[in-house]
Amino acid sequence: MRGREAREQAERRAVMATLAQSSGDDIVRLWDAAGRPADADLRRAPEPALVTDRGRIGGGGAPFNVGEATVTRATVRLASGHVGHCYALGRDKQKARLAAIADALWQDPAHRNGVESRLVAPLQAALAKARDQRRAETAATKVDFFTMVRGED
């Protein structure tokens, strides 16, 4: 039982990470194309807030406050009783609301496959494509320095 719960938590975390990293426009476009219901009881309406970013110098130093970031959070409840949450960087309220609804739908076994195939999988593919494009652009600017060994004259 514990193994299944841990696996399900990890899967839910991955789904929410995909939604949080994706653009709001992509989520709205795929949401509309999938014909997913966008109505839910708002337990916490989407609202922007500030969170403090903490960092460490070199990854091992004492933690310090780097700055602040804007995060939008939302909590919804579906008629089925499933509750969904979302925390996403930025101020996109519609993205936060739809991601929270997607979280709640994903928790319902009847809707999980549809959410994964019609929303999450295309978003993961778009994120991977953007990541590969960034890597290719970065690789194009790479300079290889080498030392030539000169023979004795």
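No value in this document is a laboratory result; all are computed from the given coordinates. Note that the structure is a prediction, hence the values are computed from the model and not measured. Cβ placement follows ideal geometry from the backbone for every residue including glycine, while neighbour counts extend to all protein chains displayed.
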With label points built 7 Å along Cα→Cβ from the Cα atoms of ALA10 and GLU116, find their separation and express it in nm.
1.4
Can you run phi through the Karplus equation (6.51, -1.76, 1.60; θ = phi - 60°) for the range 75-89 and list ³J(HN,Hα) in whole Hz, with x for Gly and Pro?
9, 10, 10, 8, 4, 6, x, 6, 10, x, 10, 8, 10, 9, 4
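State which stretch of the chain is the longest one without any exposed chymotrypsin sites (Phe, Trp or Tyr not before Pro), exposure meaning a DSSP loop state and at most 10 other Cβ atoms within 10 Å.
On the way: sites that count: PHE145, PHE146.
Longest gap between qualifying sites, sites excluded: 1-144.
Within the range 61-153, list the GluC sites (Glu not before Pro) lying in a DSSP loop whose Cβ has at most 13 other Cβ atoms in a 10 Å radius.
Numbers: sites: GLU68, GLU116, GLU137, GLU152; in loops: GLU152.
Of the GluC sites (Glu not before Pro), the ones in loops of the range 61-153 whose Cβ has at most 13 other Cβ atoms within 10 Å are GLU152.
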Angle between the chain longest axis and helix 93-107 axis [Cα atoms, degrees, rounded to 10]:
70
Taking θ as phi - 60°, what are the ³J(HN,Hα) couplings along the range 130-144 by the Karplus curve (6.51, -1.76, 1.60), each to the nearest whole Hz, with x for Gly and Pro?
5, 5, 5, 5, 4, 4, 5, 5, 5, 4, 5, 9, 5, 10, 9
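Using only helices, what value at 222 nm comes out for the chain when you add -39,500 (n - 2.57) per DSSP H run of length 4 or more and divide by the total residues, to the nearest 500 deg cm²/dmol?
On the way: 5 runs with 73 residues, N = 153.
Calculated mean residue ellipticity at 222 nm is -15500 deg cm²/dmol.
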Plugging the Cβ-Cβ distance of ASP41 and ASP108 into 1/(1 + (r/R0)^6) at R0 = 22 Å yields, to the nearest 0.05, a FRET efficiency of 0.90
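So which trypsin sites (Lys or Arg not before Pro) in the range 1-57 pass both tests, a DSSP loop state and at most 11 other Cβ atoms within 10 Å of the Cβ?
ARG56
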